[in-house]
Every structure is written in C-alpha cells, then in structure tokens.
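The values are calculated or read from the model by the stated rules, or taken from the named source; none is laboratory data. Since the model is a prediction, treat every value here as computed from it, not as a measurement. When we count neighbours, we look across all protein chains shown, and the Cβ atoms used for this are built from the backbone with ideal geometry, even at glycine.
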Amino acid sequence: MRRARFLLALWVAAVALCGGFARAQEEPLRPGDVLSVQLPGEPAISKDYQIDRQGRIVLPEAGAIVLAGQSLEAGGETIRKALARSFRDLSRLSVLLKDRRLLLNVHGYVRNPGPVELPGEATIQMAIMAAGGLVPGAQLDRIRVTRANGARIDFDYKQYLDTGDAKLLPQLRPLDVVFVPASPLIGKVQS
C-alpha cells in the first residue's frame, strides 16, 4: 500500500512537471531562452543558441534572426526561411526550446551591480545573490523592479524577510531591472 501511494505521488509529480514544461513550450520566445537548432550534417549550424537582449539569435549563413515574441513553431519557421537562402534540404531541421533563462540587470546597493543571467523561474532573492548580495545600508522596504515596457513595481523586501510570504515579491520577467536603493541615512546611491 505504501509503495502504491509512493508511485502515485511520483506519477502526479511527473505529470505536473511535464505540464509545466509543455506550458513553457507554448509561451512566446523571450530574451534568455536557449534554442537547440539541429541540422544533421551541418555542425556549424547544429548548436544551442541563446536569444539575446535584443530578442534575436545569430546563425552562421543566416545572420541575426529576431525570434522574441514568436511561438516556438513560428520561430522554427523563421529560422527555416532564413536558412533556406543557403541550404536546399532543410527537411531534417529541428528547433527545440532547451531552456528558459532570465536576463536581468541588478543595480544600486548590491556588491556587483550589472547584468545577471538566472534560471527562468528565478526570484528576487536569486537576482540579489547573483549580484553579490546586499551592501550594508540598502533600503529593503523600497526595492524597485522596472519592466522592459517601463512599468515600475515597488515592493517591501524587508516585509518578505520578516514574514516569509513569497506573494509579497513580484515575479521576474526577462530584461527586468532590479534596483536596491540606499537608506536615506546613508546618502549617495552606488551604481
């Protein structure tokens, strides 16, 4: 009986994990995503490519190809059309989403401000740690996330640390900028 419950729990977890991956496959491509492009017999093409901050990959023989915002299927067709200028037989071309990554910038009162790359489901805590952690004098109750579209989200990281309630933290998106201000008692903000 215990073994049957264990196997059932394992099956439920596997289905949930596969469902999450299937949803990721349906979401539009975004900066940071890693695509596996395979064209048998063409080792120069058959590699992994990360979509850059401008939403594109650069393929040999095809150049820069904008893919961000397209479905995986549409992105594969865009790659096929770009390669068709140089290759006749693309019948075995495959394009797969290999990994979701987040390209962010973390600035302000952190040890190593600048661009960071994180797993696709990364959190604010992971972004701050990737930037070396907080610097003494950081104002935790007024951290800001600025989206690529200019939208701003201010939140109280200290309240999260006090309560452990993850709902208090915004979910990160590609190209977000996380800014940790200095406490008013400190003065000038580091960049």
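If you check Phe179, Phe155 for being in contact with a His (Cβ under 9 Å, 6 or more places away or on another chain) and under 28 Å from Pro28 (Cα atoms), only one passes: Phe179. Within segment 161-187, residues that are touching a residue at least 12 places away in the same chain (Cβ under 8 Å) reach partners that are exposed (fewer than 11 other Cβ atoms within 10 Å of the Cβ) with beta carbons closer than 8 Å, at six or more positions or on different chains, in the pairs Ala182/Lys188.
With respect to Leu93, determine if the residue is farther than 22 Å from Pro170 by Cβ, surrounded by 13 or more Cβ atoms within 10 Å (Cβ to Cβ) and in contact (Cβ under 8 Å) with a residue 24 or more places away in the chain. In short, yes. Across segment 117-164, the number of residues qualifying as among the aliphatic types (A, V, I, L, M), part of a helix (DSSP H, G or I) and within 13 Å of Val178 (Cβ to Cβ) comes to 7. I'm trying to understand the selection: among the residues of segment 166-191, which are modelled with pLDDT of 95 or more and out of contact with any strand residue (DSSP E or B) (no Cβ under 9 Å at 6 or more places or on another chain)? The answer is Gln171, and nothing else.
Among the residues of segment 142-153, is any surrounded by fewer than 15 Cβ atoms within 10 Å (Cβ to Cβ), more than 30 Å from Glu73 (Cα to Cα), in contact with a strand residue (DSSP E or B) (Cβ under 8 Å, 6 or more places away or on another chain) and free of Cβ contacts under 8 Å to residues at least 24 places away in the same chain? Yes.
Can you confirm whether Val106 is closer than 30 Å to Thr163 by Cβ and assigned to a strand (DSSP E or B)? Yes.
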